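K.L.:
Below is the structure I would like to discuss, written out as structure tokens.
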Amino acid sequence: MRRALNALISLYPKTWRNRYKNEFCALLDDVSPTWRTLFDVFGGALKMQMKIWSPWKIVVAFAVAGVVLAIAFSLLIPNPYVSMAIVKIGDAGRGQLAGTLARVVSRANLTRLINEEDLYKNERAHMPIEDVIEQMKKDIMVTPVESMTGELGVIGISFASADAAGAQRITQRLTSQFLDVSAGTMLDPASLPIHPRRPKRPVIIAAGLVAGGLAGALFVFFNGLKVWKIAAGLGIAGAIAGAAVAFVLPERFISGAVITYPGPDLAAAGDHVRQIVATVNSDANLRAIVQRFNLYPNESGRERRLVEHLHIEIVRNGSAIVIRFDDRNRYVAQKVVADVVGRLLEESINDHVRSGSQVNFTLELLDPPTLPQNAYFPKRPMVVGTGLFVGLVGAIMLGVWRHFKKSLPVVAA
Amino acid sequence: MTRNNDPALLVLASLAEGDKHGYAMMEDIERFSSIRLGPGTLYGAITRLEQNGWIAPVPSEDRRQPYTLTALGRKSLENELETLDNVLKTALKRLKHA
């Protein structure tokens, strides 16, 4: 500790050291050094340097500090290994690519993979499985690839993981599932990644440089630490106000489900799916849902309110239907989605019976209605962050206003 | 206005009693104000006060450098204490009448 204290003396300006070093060392010999003493001497050195530095030197010092922090931050970001496989989709499977993808990244399939491969162990310890699945979806990438021979329907399937062998294993499993459904061929099997994917370090460092430089410029502009104290105070006040608002706002939970059409005749199925959804979306049906679950009891236009929160979306040309509903009560959200899913499946069977078609257009439940664990609204960290940002901006504006108010010429009476 | 926990004011108040070196000032200030100044803070104040001509070093054989209050420093301290005294008296008077 004493050695560190003596080393910190060299941070003081040379002119100051020439005058005070001996007596300052004598004082340091007398005191019992603690961490507080260390920070105090460091702070003293910094203040002395600031006094003699030119504005440009201060800006450069802040920019260097920003770069150092950015490098430290970039080192903390995990560097995942990415394994990739290239597959060619068969002619039959090309039209159903989206449906195949939906099947591979379905909740049921990903849950099975997570459990069998024991993935995301840390995340599963403190996150609901729904959030872990969302994380896994982000780690899976399916992208169209331009092949060397200009072939169509070539896609790359990749998975990012902290473990290289694990990334390769999961990519192999996802690829084989993809090939099973789409009847495609493997062009390039899943690679074993040798080097981890580095974060975009130059971008992070450049951001640190710019942020540090700006902070330095503001420091010079406001001439000292006072405005930073105001900024910190207003920022914290903004964050507290944001937190208060976030906790007062009522929570909303969103439940979702996915239904797919597994059959081969997608073009014909599209019209049937649209018809089924229109029937389920009818006024009479919406009124029945509102009454069954006693939704929005004290509000006028209850069906209109339901339409605002219930979304039945036909995606990928009718190969899938995504149902989403949000409500203050997570159980009600799940029940409404389950009800709509039941009606859609029932209607698909009725539609098939009514049409007397030889082709079976019966829909299949891919992802059952979820019971949401976390509220999707309000996004508390974002509200608190916004409060903090508004507070900081307010402090800077206050500083600018005071600076220019001081500079205004005084008009003689 | 100077705050009563301003290191410069505390150093001036300590030297009003007599010449002292850094460590003696730290001990004295802690005794009369319960504030323990760090070495960096103390020498920041000493540097500022010496530049203003409010304190001056006293010749010494020891590594520990004693300082003394100059006439200008004494005048400044008197002004500061007068202001603080006015604040104290007014606040006490108002508290009694409240």
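Every number in this text was worked out from the coordinates using simple rules, so none of it is lab data. What you see is a predicted model, and the numbers here were worked out from it, not measured in a lab. When we count neighbours, we look across all protein chains shown, and the Cβ atoms used for this are built from the backbone with ideal geometry, even at glycine.
K.L.:
Starting from the alpha-carbon convex hull of segment A:253-367, give the projected area averaged over all orientations, in nm².
P.N.:
6.9
K.L.:
Next question, about the same structure. Of all GluC sites (Glu not before Pro) in segment B:36-89, which ones are in loop regions per DSSP and have a Cβ with at most 16 other Cβ atoms within 10 Å?
P.N.:
B:61
K.L.:
Could you calculate the contour length gain from residue A:18 to residue A:315, that is, 0.36 nm times the residue separation minus the distance between their Cα atoms, to one decimal place in nm? Mind showing how you got there, number by number?
P.N.:
On the way: separation 297, 0.36 × 297 = 106.92 nm, distance 7.58 nm.
Additional length available on full extension: 99.3 nm.
K.L.:
Quick one: length gained pulling residue A:271 to residue A:115 fully straight, 0.36 nm per residue minus the C-alpha distance?
P.N.:
52.4 nm
K.L.:
Using 7 Å Cα-to-Cβ label points, what is the residue A:285/residue A:236 separation (nm, one decimal)?
P.N.:
It is 5.6 nm.
K.L.:
Right, another one. With each label point set 7 Å from Cα along the Cα-Cβ vector, what nm distance links residue A:79 and residue A:6?
P.N.:
Going by the 7 Å Cα→Cβ label model, 3.8 nm.
K.L.:
For each pair in A:121/A:335; A:14/B:75; A:14/A:47; A:137/A:200; A:21/B:20, compute the distance between the two Cα atoms and list the pairs where it is over 24 Å.
P.N.:
Correct reply: A:121/A:335; A:14/B:75.
K.L.:
Could you check the spin-label model distance between residue A:50 and residue A:278? Points 7 Å from the Cα along Cα→Cβ, value in nm.
P.N.:
7.0
K.L.:
Sorted from largest to smallest, which semi-axis lengths in Å does the alpha carbon gyration tensor of chain A give for its equivalent ellipsoid, taking the root of 5 times each eigenvalue?
P.N.:
After diagonalising the Cα gyration tensor, the semi-axes are 58, 32, 19 Å.
K.L.:
Okay, moving on. Go ahead and estimate [θ] at 222 nm for the protein assembly as shown from helices alone: -39,500 (n - 2.57) per DSSP H run with n ≥ 4, summed, over the residue count, rounded to 500.
P.N.:
Value at 222 nm, helices only: -20500 deg cm²/dmol.
K.L.:
Beta carbons within 10 angstrom, averaged per residue: use that to sort the peptides A:76-86, A:26-36, A:289-299, highest first.
P.N.:
For the peptides A:76-86, A:26-36, A:289-299, the packing ranking is A:76-86, A:26-36, A:289-299.
K.L.:
A further question follows. To test your reading of the geometry: what angle, between 0 and 90 degrees and rounded to tens, separates the Cα axis of helix A:164-182 from the longest principal axis of chain A?
P.N.:
Taking Cα atoms only, the helix is inclined about 30 degrees.
K.L.:
For residue A:393 and residue A:176, FRET efficiency with R0 = 45 Å and r from the beta-carbon atoms, rounded to 0.05?
P.N.:
It comes to 0.30.
K.L.:
What is the order of B:29, A:276, fewest Cβ neighbours within 10 Å to most?
P.N.:
B:29, A:276
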